[in-house]
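The values are calculated or read from the model by the stated rules, or taken from the named source; none is laboratory data. What you see is a predicted model; the values in this text were computed from it and never measured. Here the Cβ is made from the backbone with ideal geometry for all residues, glycine too, and neighbour counts use every protein chain on show.
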Amino acid sequence: MVLVLQILFVSILACLVGLFLIGLSRKVTARIHWRYGPPLSQPFIDIVKWFSQTAVSHGKLFDAGMIFSLTGSVVVVLFLPFGGICPLSGSGGLLVILYLMLIAPLGIALSAGESANPHASIGVSRKMQLAFGYELSLLMILLSLMTYYRTVSIVDIVETQIQAGWSLVQLPLVVSGLAYLLIMPAIMGIRPFEMIQAPQEISSGPMAEYGGKFLAFATLQHAFNIYIGLSLFVNLFMGGGSNAGYFLIKLLLAFMVFQVVHAVWPRFRIEQAVRYLWRWPALLAFIGLIIVWVTTS
Amino acid sequence: MKLEILLAVFFGGSLLTYLLGKISKRARDILAVLVLLFATAGITSLYGKSSTATLYTGFLDFPMVLSIHPFAWIFALTIAVVGLCAVIFSWLYIRKKGRTDFFYFMMLLVIFSMIGIVLSGDFLSFYIFWEMMSWSTFLLISYNRGKAIAAGMKYIVMSVAGSLAMLVGMISLYTQTGTLVFEGISGSLNSASSGYLQFILILFFVAFGIKNAIWPLHVWLPPAHSEAPSPFSAVLSGVLIKIGTFGFILLIYGIIQVQVFVNLGHALFNVRNLLLLLGAVTILIPTFIALFQDDAKRLLAWSTVAQAGYIILGIAYGTSESLSGGTLHFFNHALFKSLLFMVVGAVEFRTNGVRDLNSLGGLIKKMPVTFVAGLIGVCGLIGVPLTNGFVSKWLIYHTLIVNHSPFLAFVALLGTWGTILYSYKLIHHIFLGQLPRKYEKLQAAPVSMKVPMIFLSLTVFVFGVLPGLPLHVINLSELGFGMEPLAINMWGVVTGSGSIQMLNIATALILGGIVLWLFFRMGPKNTRADQMDNYAAGAPVPADRYQYSVKFYDPLTRMIAPYLKDIADNFYSALARGIRNAGNGIRRIYTGDVGNYALYIILFLAILIFIQLYWKVW
Amino acid sequence: MTKKSGKMDRNNIGKWFKSPGNMGQKYSLHALYFCTGCGIIEIPPTITTRWDAERFGVIPVATPRQANLFLITGYVSVKTLRYIIRSYEQMPEPKYTVGFGSCPINGGMYWDSYNTIKHLDKYIPVDGWIAGCMPRPEAVFVAVTHLWTLIDKGMATGYLKYREHYAKYRRNQEKILGELEWPPLFSKEEENEKSREKVAG
């Protein structure tokens, strides 16, 4: 019973936090652009609207991919510690999280592929390449963490950090932390790595054929995605949180850093993005992994 | 059931199938399936048994021994099941092509000689079955003629080189230990020097590595897999190359004990590290090369090479978790890769031999079952949770990370992310996007193709949710090797540093999916749109041209292409050219004219006389 | 006493519970700007820093599938009409059309041109007009507030009119464009019946 309550609490709260962050992102960007900006509740208004609209579907997979994708995101959230709460802690740790994080983009990719629109295919192709770009660094960063803490369980990593301090300021891990900061915008899909949707070039890419509740689902998925990206960073490098409030404050802090980048940067082309991701963050992550490997062996 | 009866039925059955084909086609088809069903049932009945039977002692005083143990059992069962599915699949597939009797005969022969290899208890029978397998495989690869002959040639040349290496190793082992029976060799190798063991290992690694397509020895595989008939590609990729894996496990864990193997040689330069390195390279390079492929079967072939790398990594790492991971990945790979080859085969069958990814598209509307099977196969290949590939890859990563090999783990993980790219390419190009007008009247796959595909998809799913089933058998075989088995239950594995429980993951995913589906249903009903009613900036969709598939990952592939020349293939081509040139040179001397030969002899004598006169050597 | 029309009631929680659909449509107008003519020059200041339409929930989107506000900014040539109709039909319902500038209303300065159409509402239903040549960005906001009133009163029913009189619209479209490449959007008679009932009810 406690578990069910925890699951509901964490998933709903993650969704709300994600939507709030989307609203905040729009507001902050507007303020940086010297605009008034939409109200913070704008994402909620949008979702209500999308649920009152009709939509077209291009087939069973078009629907199923969307549901599959959102399911994947929700389940990842259950594996991530939220303050002191982690509903599904004992079933696989970071490696499982890494794999579950695949489901969301895969679902969108299948659904977008079924929409039979080349814009969607281009978007998916870009997403795949971008993911390949940042995974190179992300995998090395996660491996350096797992090697340093000698565990694959994210709960253990958080607990060790609560006792020993943030990973970001541990000497062997600081290089990996820096690399993580560099790839973070790519993981969250914000500028300068926004070429997946790129409304001006490829008509919002995978989203091209979505309307109505599909867009609502896609936005919810995006909200979860933002929460997951930030939560992973906070849990792995900023010491998680001993309680939910503290955790949310850290989440907000990390979010604001990337939001400033998002508001002022233009968009990379995909090959520029991959070249960037394979050069500096990958180099830093590799050095970080070597440092950790040498110091722990 | 007695092993020798089993084998006799196998080979008798395959011969009978060939002969029956001369009388009745239908009876032949049914008989082939019946023989394989019998094989599957017979092997299943041997579950958990460990026994040895001496088949024949008279041949050159070498005993021919058959043995069964849990480790051989899981291989034999996989071979039989995949073989059964492939034969059912080929019912209609091969009818189009002709020479069906020969195909069935060879197919059964390959399957049964593989089972023979797995069940053999000494090197002599191992070698005999090995050669039978190699040659019948050659005949099947070049079944389609044309390009396939060159592919088969490449295969058989490399295979013969491997066999020769194995022969040398066997003879050396025989002179060292005086026996060819595995148990006997294993007993007398305890005292052997480290250098000798490494020598033996390397000889056998050439043989097994060629079959298993380890990186510099992989060149035969891509052409062979893509040119062979699809049902045989399924067998080839699913189980045949895993015979090399079987050899590796047998040699490292069965004959040379794993403790010996891990501590062999110098701390840095030893066979284990070499094998690990090659395993890592085998994951990495073929994964990248697969991104470039536009031929569906060639893409899958390169993917097979890459997946073989995981298995090698698991086996060579030498912990009980890594062996479980490697063996489980063999088992899983056999299921999902043969499934994928069947999916491509079904598409090829219906589109009259189109394998070019760029000219397909949108087939999900015409072949939904095939698509679902392909999707499940691809998910298994990537290792999406709830499919079987997930658990085996998790075991491999976990043991690499916990035992402090982050770089190997990195390569393995990166390989998976490359797998996503080419897997999506495969699924997207064949099944998603716009349906070309020429395929508007395409029929769904026939039932005889659907049945094996559905069956294999189910196994991929079931063993993904219940990894305890195969892991239980693998644990038994690890006990047989004298290793400490993993702590498993039906849903997963428990280790000291992190455990995996599919129960939680499966419940969360399935329940979450249902809840969200209901939520989705609550919204307004959506209308179905045709592919022609699509966003094209307001313009009507240009039929047949509204598809993005050519050069799908162009920005990425353009970046990595300069680093990805197939060095190994170029090397062998140069070698072959060199040998041909040398042969030409020699032919100039051996003209075939007796007069010339007489001249050579006289010249030779003259030189001898000259030397004797001048230096007085003798 | 009714509220003054055009007043923003975005934070009125009671109304959100009473008619979430209408409120959602009102405050989340995702616009598809159809840049047919010179009118588009007024749109960038409208959506960016100078006037910031986003504070009312009006943002541009990329494809018709995501939009519920169709803004036709400028003259409509015969060639563009085809694309306008297609885009309009691809938008999900409910959808609102606004003609921007005098050209879509009556041809404007192109009133005697051989290749522009003079009355857009003969081909697709139009819920509101912004007159002027050019209208200022403020006029867009006035139009948006008027649209809110119409949505509130249930009068922005152009999309239902399109269903109801689809045959007539299609005839008009085919008269000027020749045979259309796409099949009729609403072919079934009962669907027309249903939409007629909806309008009546």
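For this structure, a couple of remarks:
- Boolean, B:A561 is over 26 Å from B:L386 (Cβ atoms) and within 14 Å of chain C (Cβ to nearest Cβ): no
- Selection status of A:F255, modelled with pLDDT of 85 or more and closer than 13 Å to A:L181 by Cα: yes
Residue by residue, here is whether (1) surrounded by 21 or more Cβ atoms within 10 Å (Cβ to Cβ); (2) in contact with a Gly (Cβ under 6 Å, 6 or more places away or on another chain); (3) closer than 26 Å to A:Y149 by Cβ holds:
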residue	(1), (2), (3)
A:I12	no, no, no
A:K27	no, yes, no
A:L40	no, yes, no
A:Q53	yes, yes, no
A:V56	yes, no, no
A:D63	yes, no, no
A:L78	yes, no, yes
A:I85	no, no, yes
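- Yes/no for A:K49 being within 9 Å of chain C (Cβ to nearest Cβ), of a type outside the set (A, V, I, L, M) and in a helix (DSSP H, G or I): yes
- Residue satisfying all of: in the range B:258-290; in contact (Cβ under 8 Å) with a residue 60 or more places away in the chain and in a loop (DSSP other than H, G, I, E, B); nearest to the chain's Cα centre (by Cα) among these: B:N270
- A Cβ distance below 8 Å, combined with a sequence gap of six or more or placement on separate chains, defines the contacts here; from the range B:82-98, residues that are among the charged types (D, E, K, R) reach residues that are not in a helix (DSSP H, G or I) in the pairs B:K97/B:P229.
- Residue check for A:E194: in contact with a His (Cβ under 9 Å, 6 or more places away or on another chain) and either among the hydroxyl-bearing types (S, T, Y) or surrounded by fewer than 23 Cβ atoms within 10 Å (Cβ to Cβ) (or both): yes
- Qualifying residue in the range B:45-65 (condition: surrounded by 13 or more Cβ atoms within 10 Å (Cβ to Cβ), out of contact with any strand residue (DSSP E or B) (no Cβ under 9 Å at 6 or more places or on another chain), assigned to a loop (DSSP other than H, G, I, E, B) and not polar (S, T, N, Q)): yes
- When residues in the range C:22-80 are screened for being farther than 27 Å from C:Y110 by Cβ, surrounded by fewer than 22 Cβ atoms within 10 Å (Cβ to Cβ) and of a type in the set (S, T, Y), 2 of them pass.
- Selection count where residues are touching a helix residue (DSSP H, G or I) at 6+ places or on another chain (Cβ under 6 Å), within 23 Å of B:P524 (Cα to Cα) and without any contact (Cβ under 8 Å) to a residue 12 or more places away in the chain, scope the range A:1-54: 4
- Any hit, the range C:174-195, residues being crowded, with 17+ Cβ neighbours inside 10 Å and at pLDDT 85 or above: no
- Checked against the criterion of being more than 7 Å from chain B (Cβ to nearest Cβ), in a helix (DSSP H, G or I), touching a residue at least 24 places away in the same chain (Cβ under 8 Å) and surrounded by fewer than 24 Cβ atoms within 10 Å (Cβ to Cβ), the candidates A:I97, A:I122 yield just one match: A:I97.
- Taken over the range B:292-316, the criterion of being more than 16 Å from the chain's Cα centre (by Cα) and buried (at least 24 other Cβ atoms within 10 Å of the Cβ) is satisfied by B:A296, B:A316.
- Matching residues, the range B:546-556, being part of a loop (DSSP other than H, G, I, E, B) and either more than 37 Å from the chain's Cα centre (by Cα) or in contact (Cβ under 8 Å) with a residue 60 or more places away in the chain (or both): B:Y546, B:Q547, B:Y548, B:S549, B:V550, B:F552, B:Y553
- Qualifying residue in the range B:81-97 (condition: part of a helix (DSSP H, G or I) and touching a Lys or Arg at 6+ places or on another chain (Cβ under 7 Å)): no
- Top-ranked residue of the range B:516-533 - restricted to ones that are surrounded by 15 or more Cβ atoms within 10 Å (Cβ to Cβ) and modelled with pLDDT of 85 or more, ranked as farthest from the other protein chains (Cβ to nearest Cβ): B:F519
- Unmet criterion (only one of (1) part of a helix (DSSP H, G or I); (2) on the phi > 0 side of the Ramachandran plot) for A:G245: (2)
Residue-by-condition table, conditions (1) among the hydrophobic types (A, V, I, L, M, F, W, C); (2) farther than 14 Å from B:A306 by Cα:
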position: B:T399; (1), (2): no, yes
position: B:V402; (1), (2): yes, yes
position: B:F407; (1), (2): yes, yes
position: B:V411; (1), (2): yes, no
position: B:T416; (1), (2): no, no
position: B:Y424; (1), (2): no, yes
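- Any chance A:R275 is in a loop (DSSP other than H, G, I, E, B) and basic (K, R): no
- Per the conditions (1) crowded, with 18+ Cβ neighbours inside 10 Å; (2) part of a helix (DSSP H, G or I); (3) β-branched (V, I, T), the sole criterion not satisfied by B:I202 is (1).
- Filter result for the condition that a residue is free of Cβ contacts under 8 Å to residues at least 40 places away in the same chain, of a type in the set (K, R) and more than 8 Å from every other protein chain (Cβ to nearest Cβ), over B:K425, B:K441: B:K441
- Check on C:L69, away from chain B (no Cβ under 14 Å), touching a residue at least 60 places away in the same chain (Cβ under 8 Å) and not β-branched (V, I, T): yes
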